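Notes follow the structure.
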Amino acid sequence: MASASPIMSPERKSGRIGERFARCAARGAGALVTYVTAGYPAPADTLDVLLRVAEAGADVIEFGIPFSDPLADGPTIQRASHRAIAAGATLAGSLEALAEFRAHADTPVVVFTYLNPLLAYGVERFIRDSHAAGADGVLLTDLPVGGDVALERAFEESPLDLVRLLAPTTPPDRAARIAARSRGFLYYISRTGVTGATDTLRAEIGREIDAIRPHAAAPIAVGFGISTPAQAVEAARAADGVVVGSALIDALDRGGTSGLVEFVGSLRKALDAAQR
Amino acid sequence: MAEQFTATPPALELGRFGRFGGRYVPETLIAALDELAAAYDEARRDEGFFAEFDALLRDYVGRPTPLYRAARLGEAAGGITVYLKREDLNHTGAHKINNALAQILLARRMGKRRIIAETGAGQHGVATATVCALFGLDCVVYMGAEDARRQALNVFRMELLGAQVRVVESGSRTLKDATNEAIRDWVTNVGDTHYIIGSVVGPDPYPRMVRDFQSVIGREARAQILGAEGRLPAAVVACVGGGSNAMGIFHAFIPDEEVRLVGVEAAGAGIESGRHAATLAAGRPGVLHGSLSFLLQDDAGQVAEAHSISAGLDYPGVGPEHAYLRESGRAEYVSVTDEEALDAFRELARTEGIIPALESAHAVAYVLREGRRWRDSGPVVICLSGRGDKDVAQVAEAYGPGGPEVGG
């Protein structure tokens, strides 16, 4: 780890997400955050995919509720989202699968989605039901810090950790505010662009994260474009954890659940081997 | 002339129209939106910006556009006085050029070398390609595959003007999906790229900025009707997809409480059929493309596909200020079907020798259907937002081999 585990904000206890990051930090390994699309390939597969990803070594699962117009996502997650919706995936059904998962596993789960499905479901109802189903946090790609004060307050006062995103384009004063407000972890977007695999990580990431770290109330995970164990190790060297998304969907497409398990296992192994 | 643009938006906080509007975008875009809002605020106070904009509107676009009294159309609408605000006579054939021109001036102030745009009917894409040619900037236009098919002529026009047209195959393959792709491009290339949104939609500052750039329509029309009739109109009628021509013509009339502001949405095959684009009539509040407004969506919050014969109205969202004007009661929103719009398309051609855009034909259709109610209360102004050359092939297809006499 580039530095000691950050201090959690005093008014909030560190939840399951913070504990998991702390455990990784204690053994000197980067935390592995993995994204899966709920209801993909089909709603009946959701529980199995969650269980296998957890067993294969994910520290935190980003549980993606599919939205028809995922404008922060690249082709892989777009396709997975559309297929899941076409196969009948819903927020309500996804939360049921999450509750079943929670009966078997304690891997922290962050619900990852866009605002509109939550608004349609009802924000208060979502907070209540997702917490009851065992969700630990929520991440909304289209709710930037300061974007909707009332909504942000509703999430911040809830038992869920509101995970915030920071981009390479975010100016320093705003970055400090975002870092101070993010709970669970702080999601550092590695590059401008949408989600999806890339070949290289920008060399400046380490320096950028070091600049943010003094302001961060939670551990920092780097995501967007991380698709190989080597890239995961490189990103984890700069931060406290890595987020791998589209590459998991690709692995699932290529090799089914066994391909998925193998890929997550390779990420886990690489991160553990690189521990310092 | 900068004072024309300083009208305070009807907003409780910047970027909001009542509860609507806002900035619901990925974090990556926040800095670019801040930069754009700052550049716009600076330009608003700069006489030089408006001197350049006004000169181009006059010498390049051909403004002011006429307010034309359409006597035979008025007869056909039940003996009323109807005026057409002739945005179809603008260079490139629609009101879209007003906004594209102002935004490219802003892009140059910001030092952006690359321009992207989305387009539905192709009119905004053509306008953007045109101003990019004028200023020598790179231009990429996203267009849904379905729209590229039904507006093939506009695809060719954009390419002729030097733009690259990227055909979007995802989702419903229409304006919504083209907008998704344009936003994804912007997120990726935000450093050197300006996104010229074509309507009063998207995150702040776009809805208020595009409205301001289009408000020249209403300022001219208001002065022209006062000159011609010595009084304000009973009603101002405009079609609404995203709603930029409607906001443009409504804006100057908002303080005139006696003037009814009527937005006409596309009812497609009929609202009860579920195949329509009448967002304000049948949608619920939701977030799409960066702002909170009305939205066609299912119970789970998935965005529904819109349906309209008119590619420019075929959009499941609507500008947030329209949502606000509807909720506040200042404007009313109605709808007409594909069939009514086709009838109006032909009626205007036959009565006035003017072939309107299918979008604008929706506003004409509403006045043909309901205009007689204003017979005793004053003239009606229709925003004829664009010309119909681009639609002729599609209308011929809709009429079938029997020609326009069949089904009439």
Test result for B:LEU232, in contact with a Lys or Arg (Cβ under 9 Å, 6 or more places away or on another chain), away from chain A (no Cβ under 14 Å) and either farther than 28 Å from B:SER377 by Cα or open to solvent by 10 Å² or more (accessible area, probe 1.4 Å) (or both): yes
Some residue of the range A:39-62 being open to solvent by less than 10 Å² (accessible area, probe 1.4 Å) and within 14 Å of another protein chain (Cβ to nearest Cβ): yes
Looking only at the range A:103-148, and only at residues there that are closer than 30 Å to A:ALA175 by Cβ and hydroxyl-bearing (Ser, Thr, Tyr), the one that is nearest to the other protein chains (Cβ to nearest Cβ): A:THR141
Of all residues in the range B:321-353 being open to solvent by 10 Å² or more (accessible area, probe 1.4 Å) and among the hydrophobic types (A, V, I, L, M, F, W, C), the one that is nearest to B:ALA278 (Cα to Cα): B:VAL334
Filtered residue count, the range A:170-187, keeping only those that are within 15 Å of the chain's Cα centre (by Cα) and at the interface with chain B (Cβ under 10 Å from one of its Cβ atoms): 1
Qualifying residue in the range B:158-173 (condition: touching a residue at least 60 places away in the same chain (Cβ under 8 Å) and among the acidic types (Asp, Glu)): no
Close pairs from the range A:126-149: first closer than 13 Å to A:ALA99 by Cα, partner part of a loop (DSSP other than H, G, I, E, B) and open to solvent by 10 Å² or more (accessible area, probe 1.4 Å), Cβ under 6 Å, at least 6 apart: A:HIS131/A:PRO159; A:ASP136/A:GLY15
Any hit, the range A:259-266, residues being under 22 Å from A:PRO41 (Cα atoms) and not in a helix (DSSP H, G or I): no
Cross-chain or 6+ apart pairs with Cβ under 6 Å, the range B:310-325 first and more than 14 Å from B:TYR206 (Cα to Cα), then assigned to a helix (DSSP H, G or I) and among the aromatic types (Phe, Trp, Tyr): none
Qualifying residue in the range B:66-74 (condition: out of contact with any strand residue (DSSP E or B) (no Cβ under 8 Å at 6 or more places or on another chain) and either in contact (Cβ under 8 Å) with a residue 60 or more places away in the chain or open to solvent by less than 50 Å² (accessible area, probe 1.4 Å) (or both)): yes
Helices (runs of 4 or more DSSP H) contained entirely in the range B:259-369, each with at least 1 residues that are touching a Leu at 6+ places or on another chain (Cβ under 9 Å) and of a type in the set (Phe, Trp, Tyr): B:338-352
Subset of the range B:209-229 [open to solvent by less than 10 Å² (accessible area, probe 1.4 Å) and either under 30 Å from B:GLY286 (Cβ atoms) or among the charged types (D, E, K, R) (or both)]: B:MET209, B:VAL210, B:ARG211, B:ASP212, B:PHE213, B:GLN214, B:SER215, B:ILE217, B:GLY218
Residue match in the range B:137-157 (condition: within 14 Å of another protein chain (Cβ to nearest Cβ) and more than 21 Å from B:ALA306 (Cβ to Cβ)): no
Residues that are under 16 Å from the mean Cα position of the chain (by Cα), within 17 Å of A:ALA247 (Cβ to Cβ) and in a loop (DSSP other than H, G, I, E, B), drawn from the range A:53-73: A:GLY57, A:ALA58, A:ASP59, A:PRO70, A:ALA72, A:ASP73
The range B:279-291, subset touching an Asp or Glu at 6+ places or on another chain (Cβ under 7 Å) and under 18 Å from B:SER328 (Cβ atoms), residue nearest to the other protein chains (Cβ to nearest Cβ): B:THR279
Hey, A:ALA167 more than 8 Å from every other protein chain (Cβ to nearest Cβ), under 21 Å from A:GLY193 (Cβ atoms) and in contact with a Leu (Cβ under 9 Å, 6 or more places away or on another chain) or not: no
Count of residues meeting criterion [farther than 18 Å from B:SER172 by Cβ, aliphatic (A, V, I, L, M) and either facing another protein chain (nearest Cβ under 8 Å) or buried (at least 21 other Cβ atoms within 10 Å of the Cβ) (or both)] in the range A:65-91: 6
Residue check for A:ILE77: among the β-branched types (Val, Ile, Thr), within 19 Å of B:GLU27 (Cβ to Cβ), part of a helix (DSSP H, G or I) and modelled with pLDDT of 95 or more: yes
Conditions (1) without any contact (Cβ under 8 Å) to a residue 12 or more places away in the chain; (2) over 30 Å from A:ALA92 (Cβ atoms); number of the one not met by B:SER385: (1)
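Results for (1) touching a His at 6+ places or on another chain (Cβ under 7 Å); (2) on the phi > 0 side of the Ramachandran plot; (3) modelled with pLDDT under 95, shown as yes or no for each residue.
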{"site": "B:PHE253", "(1), (2), (3)": "no, no, no"}
{"site": "B:ASP256", "(1), (2), (3)": "no, no, no"}
{"site": "B:GLY263", "(1), (2), (3)": "yes, no, no"}
{"site": "B:GLU272", "(1), (2), (3)": "no, no, no"}
{"site": "B:LEU288", "(1), (2), (3)": "no, no, no"}
{"site": "B:ASP298", "(1), (2), (3)": "no, no, no"}
{"site": "B:GLY301", "(1), (2), (3)": "no, yes, no"}
{"site": "B:PRO320", "(1), (2), (3)": "no, no, no"}
{"site": "B:ALA323", "(1), (2), (3)": "no, no, no"}
Set B:TYR83, B:TYR60: member being open to solvent by 40 Å² or more (accessible area, probe 1.4 Å), touching a residue at least 60 places away in the same chain (Cβ under 8 Å) and of a type in the set (Ser, Thr, Tyr): B:TYR60
Filtered residue count, the range B:262-279, keeping only those that are touching a Lys or Arg at 6+ places or on another chain (Cβ under 7 Å) and surrounded by fewer than 24 Cβ atoms within 10 Å (Cβ to Cβ): 1
Residue selected from the range B:292-326 under the condition of a type in the set (Ser, Thr, Tyr) and closer than 30 Å to B:GLY388 by Cβ, by the criterion farthest from the other protein chains (Cβ to nearest Cβ): B:SER310
Scope the range B:167-186; condition within 11 Å of another protein chain (Cβ to nearest Cβ) and either within 21 Å of the chain's Cα centre (by Cα) or more than 24 Å from B:ALA306 (Cβ to Cβ) (or both); matching residues: B:SER172, B:LYS176, B:ASP177, B:THR179, B:ASN180, B:GLU181, B:ALA182, B:ILE183
Matching residues, the range B:242-261, being buried (at least 21 other Cβ atoms within 10 Å of the Cβ), more than 11 Å from B:ARG222 (Cα to Cα) and either under 13 Å from the mean Cα position of the chain (by Cα) or of a type in the set (D, E, K, R) (or both): B:GLY242, B:GLY243, B:SER244, B:ASN245, B:ALA246, B:MET247, B:GLY248
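The values are calculated or read from the model by the stated rules, or taken from the named source; none is laboratory data. Please read these numbers as outputs of a predicted model, since none were measured by experiment. A quick note on method: Cβ atoms are made from the backbone with ideal geometry, for glycine too, and the neighbour counts reach across all protein chains shown. Only protein heavy atoms, including side chains, enter the accessible area calculation; ligands, DNA and RNA are left aside. Shrake-Rupley method; radii C 1.70, N 1.55, O 1.52, S 1.80 Å.
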